[in-house]
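The values are calculated or read from the model by the stated rules, or taken from the named source; none is laboratory data. Bear in mind that the values here come from a model prediction, so they are computed numbers and not experimental data. Every residue, glycine among them, receives a Cβ derived from its backbone with ideal geometry; neighbour counts consider all protein chains shown.
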Amino acid sequence: MSTTTTELEERKAGKDLYSYQKGAINKIFKCFEEAPEDYHLLYQLPTGGGKTVIFSEIVRQYLKHHKKKVLVLTHRIELCKQTSKMLSEFGVTNKVVDSKANLDDQFDYSCFVAMVETLNNRLNDDKLDISDIGLVIIDEAHYNSFTKLFKFFDKSFLLGVTATPLSSNMKLPMKDNYNELITGESIESLIENRFLARAETYSYNVGLTSLEIGSNGDYTVKSSEDLYTNNDMLSKLLQAYEERSKGKKTLIFNNGINTSLHVYETFKAAGYPIAHLDNTCTKKQRKMILKWFKVTPNAILTSVSILTTGFDEPTVDTIILNRATKSLTLYYQMIGRGSRILKDKSTFSVIDLGNNFHRFGPWGADLDWQKIFRSPNYYVDSLLNDEELESNFAYEMPDALRAEFAKTEDVSFDIKKTYITSINSGQSSKVVLEKSIAQHARICVENSEDVYDAYDLAKKLGDDIDFRIDRYSKCICRSTHNFIDWLRDDYRKKLRLYLRDNFDTVFEEINGFPPED
């Protein structure tokens, strides 16, 4: 992870490390001095807190006081280059060990930076001498690809750094590979001390029960694309953008290239400035797109995975999670892309279209990382599944529509509660929909001058009607597509008939006098 532009400028101007960074370095070195030479230490610090700054200073001090070498491991080539650059800024001469590197001069260097797969190949081919490596630093340590290399460094001190000490593979918990966890500053503390911007989250309820979970424990790309490329979800995304982020620099995360391309076409057709980026883009294309994104104030960038780590653009105003994930780490990484501060930026927006907020809580919540590190399965098992999450949802009218029902204080109706009450009192389940239709009719009448106005308002309640029918079908345990479609059509017909037959009565009841002819 690289540090912010502001942080770099301050350091170049001669400023010292921040106090919390100094404190972390002291803790790590104390552990290093007291622990066995093969000790594995894990350090946690939120995205944007300057992990690369911290371990670059650790490398500098280590090489100054010890006669052994240092190896820094990353999982992506972009992180390799950023890490090498940061080390150089700290005065650490280093060599990047990539697939094209000439290792004839390796003995001239005391610090190496390498990608995990490349290093694994070099070590298996016996082309890199690691006999004198005393310290190994692992960036983004929650990825399990690094563990295959541990066998080569049984005499080295290992320092893993991560924002989320929760393994990307629950079958390989981090506690099995690290002896101890040291936690750094919390997100809330970094926000209060003006190191990070505060996230303002807007969550839109999405039905996720059609999604399938793959072998990696997260939702499959195919099932995600089936959901997020349908017209309803694309319309919901565009609506959410227009309500919460129109005209602001926006970064959209998707699960699948096809989804991102659909998003690109949808926003382009709507006349918004947007670009698409995925791992099939060339280096030249990536560079051009990111440069355009940086200098364009209202730019929208839709992407897949590629920008979750190693990408720092403080001018981002909004993060849109156009995907669901089971990964706490990914959730924090995506939102963290918007947390960089600027002089005129202290907050940023998060638009959640994957129920992620309901699953994990707010970004920056007071999580007990030590407990998660020690008992990861307990934490994961405590998360609500999709059906449990959706059972707690309540329909929220879009702001523009809610304004048309301004005379009504409360437009909500609890289908589940009404169902339970009706059944307990010996009534038929059909009573639930009858009461719902009556309530819908009432709010339409309350905000109309005549029955024709009420008809028009009723037509705009489609999303709310569909939501109520979905909740009702779950209550009565009948959810076939044909049955639900029939219920939706029947509800709309009965609502119109109710308005036709009862408008005058309801209007008089609400206003205390009959409507004008």
- With respect to THR266, determine if the residue is under 30 Å from VAL380 (Cα atoms) and surrounded by 18 or more Cβ atoms within 10 Å (Cβ to Cβ). no
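Looking at MET174, MET233, which is the one that is touching a residue at least 40 places away in the same chain (Cβ under 8 Å), under 29 Å from THR250 (Cβ atoms) and out of contact with any Asp or Glu (no Cβ under 6 Å at 6 or more places or on another chain)?
Exactly one of MET174, MET233 is touching a residue at least 40 places away in the same chain (Cβ under 8 Å), under 29 Å from THR250 (Cβ atoms) and out of contact with any Asp or Glu (no Cβ under 6 Å at 6 or more places or on another chain), namely MET233.
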- Matching option when the condition is assigned to a helix (DSSP H, G or I) and either at pLDDT 90 or above or among the hydroxyl-bearing types (Ser, Thr, Tyr) (or both), among ASP463, ASP453: ASP453
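Which of the following residues is out of contact with any Phe, Trp or Tyr (no Cβ under 6 Å at 6 or more places or on another chain), surrounded by 24 or more Cβ atoms within 10 Å (Cβ to Cβ), modelled with pLDDT of 85 or more and of a type outside the set (D, E, K, R): PHE90, PHE55?
PHE55
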- Item | Any hit, the range 344-364, residues being out of contact with any Ser or Thr (no Cβ under 8 Å at 6 or more places or on another chain), farther than 28 Å from ASP226 by Cα, free of Cβ contacts under 8 Å to residues at least 60 places away in the same chain and in a loop (DSSP other than H, G, I, E, B) | yes
- Message: Quick check on the range 419-477: of everything there that is aromatic (Phe, Trp, Tyr) and closer than 20 Å to ASP504 by Cβ, which residue is surrounded by the most Cβ atoms within 10 Å (Cβ to Cβ)?
- Response: TYR455
- Item | Residue under evaluation LYS81, criteria (1) crowded, with 17+ Cβ neighbours inside 10 Å; (2) closer than 30 Å to LEU328 by Cβ, criterion not met | (1)
- ILE423 passes all but one of the listed conditions (1) closer than 20 Å to ARG492 by Cβ; (2) over 35 Å from the mean Cα position of the chain (by Cα); the exception is number (1)
- Quick one: which residue in GLY271, GLY247, GLY256 is assigned by TED's automatic domain parsing to the domain that holds VAL316, touching a helix residue (DSSP H, G or I) at 6+ places or on another chain (Cβ under 6 Å) and at positive phi? GLY256
- Query: How about the range 143-183: which of its residues are of a type in the set (D, E, K, R), within 22 Å of GLU33 (Cβ to Cβ) and touching a helix residue (DSSP H, G or I) at 6+ places or on another chain (Cβ under 9 Å)?
  - Reply: GLU180
- Query: Among PHE503, PHE393, which is the only one that is out of contact with any Phe, Trp or Tyr (no Cβ under 9 Å at 6 or more places or on another chain) and hydrophobic (A, V, I, L, M, F, W, C)?
  - Reply: PHE503
- Message: Report every pair of residues separated by at least 6 positions or lying on different chains whose Cβ atoms are under 8 Å apart, first residue within the range 107-123 and farther than 13 Å from ASP139 by Cα, second among the hydroxyl-bearing types (Ser, Thr, Tyr) and not in a strand (DSSP E or B).
- Response: TYR109/THR93; SER110/THR93; CYS111/THR93; GLU117/SER145; THR118/SER99; ASN121/SER99
- Sole residue being without any contact (Cβ under 8 Å) to a residue 60 or more places away in the chain, out of contact with any Pro (no Cβ under 9 Å at 6 or more places or on another chain) and not assigned by TED's automatic domain parsing to the domain that holds LYS175, chosen from ASP456, ASP464, ASP386: ASP456
- Message: Which numbered condition in (1) buried (at least 22 other Cβ atoms within 10 Å of the Cβ); (2) under 18 Å from the mean Cα position of the chain (by Cα); (3) modelled with pLDDT under 90; (4) assigned by TED's automatic domain parsing to the domain that holds THR83 is the only one that SER168 fails?
- Response: (1)
- Message: I'd like to know if the range 489-512 contains one or more residues that are at pLDDT 90 or above, within 33 Å of the chain's Cα centre (by Cα), in a helix (DSSP H, G or I) and of a type in the set (A, V, I, L, M, F, W, C).
- Response: no
- Query: With (1) in the same structural domain as LYS326 (by TED's automatic domain parsing); (2) crowded, with 20+ Cβ neighbours inside 10 Å as the list, and SER156 as the residue in question, which single condition is left unmet?
  - Reply: (1)
- Message: Criterion first (assigned to a loop (DSSP other than H, G, I, E, B), on the phi < 0 side of the Ramachandran plot and in contact (Cβ under 8 Å) with a residue 24 or more places away in the chain) does VAL445 satisfy it?
- Response: no
- Item | Unique match (being more than 30 Å from the chain's Cα centre (by Cα) and of a type in the set (Val, Ile, Thr)) among VAL96, VAL136 | VAL96
- Among the candidates THR229, THR220, THR209, THR250, single out the residue that is buried (at least 19 other Cβ atoms within 10 Å of the Cβ) and closer than 28 Å to ALA394 by Cα. THR250
